[in-house]
Amino acid sequence: MSQSPNRIVGTVFGAVYLLVGLAGFFVTSGVGFASTEGEPLILFEVNPLHNVVHLLIGAALFLAARSSVAASRAANTGVGAVYLLVGVLGLFLVGSGANILALNGADNVLHFASAVLLLGVGLGADRTASARATA
């Protein structure tokens, strides 16, 4: 694997989200799949659906990072954009019946921070390598 910032960030974030997704299942036994109230995992509320989403996001980032710079850049940018949207939506969902991911304020902060980092790296790093890969 090259020392591409996108591949490094994708690998690290992917591994962390995979581990968090797995760890979440240890605390959410007995919680409804899409319950609006989750169980705490450190500061973050999780339910089984939230755990599945973490596993999917982690797998996408990790597999793209293992594949190529262009794939990692696309995954980082795409996931960053989704997290930005989830962060904004989370501001309105917390405390509502539509909160099927059991989001809380700490989740929103993490989603915004993840969005900034993933979008920053995805849009700003490895432009030359990605341009060569598509040419």
Within region 91-106, the residues that are under 18 Å from Leu41 (Cβ atoms), part of a loop (DSSP other than H, G, I, E, B) and at pLDDT 95 or above are Asn99, Ile100, Leu101, Ala102, Leu103, Asn104
Quick count over region 107-135, residues being modelled with pLDDT of 95 or more and open to solvent by less than 30 Å² (accessible area, probe 1.4 Å), is 8
Residue hits (region 4-57; open to solvent by 30 Å² or more (accessible area, probe 1.4 Å), in a loop (DSSP other than H, G, I, E, B) and within 21 Å of Val116 (Cα to Cα)) are Leu43
Only one of (1) in contact with an Asp or Glu (Cβ under 9 Å, 6 or more places away or on another chain); (2) more than 17 Å from Ala60 (Cβ to Cβ) does not apply to Val109, and that is (1)
- State yes or no: is Ser67 surrounded by fewer than 18 Cβ atoms within 10 Å (Cβ to Cβ), free of Cβ contacts under 8 Å to residues at least 40 places away in the same chain and within 15 Å of Thr11 (Cβ to Cβ)? yes
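The values are calculated or read from the model by the stated rules, or taken from the named source; none is laboratory data. Predicted, not measured: the structure shown is a model, and the values here were computed from it. Reconstructed Cβ throughout: ideal geometry from the backbone, glycine too, with neighbour counts over all protein chains shown. In case anyone asks, the SASA skips ligands and DNA or RNA and just uses the protein heavy atoms, side chains included. Shrake-Rupley method; radii C 1.70, N 1.55, O 1.52, S 1.80 Å.
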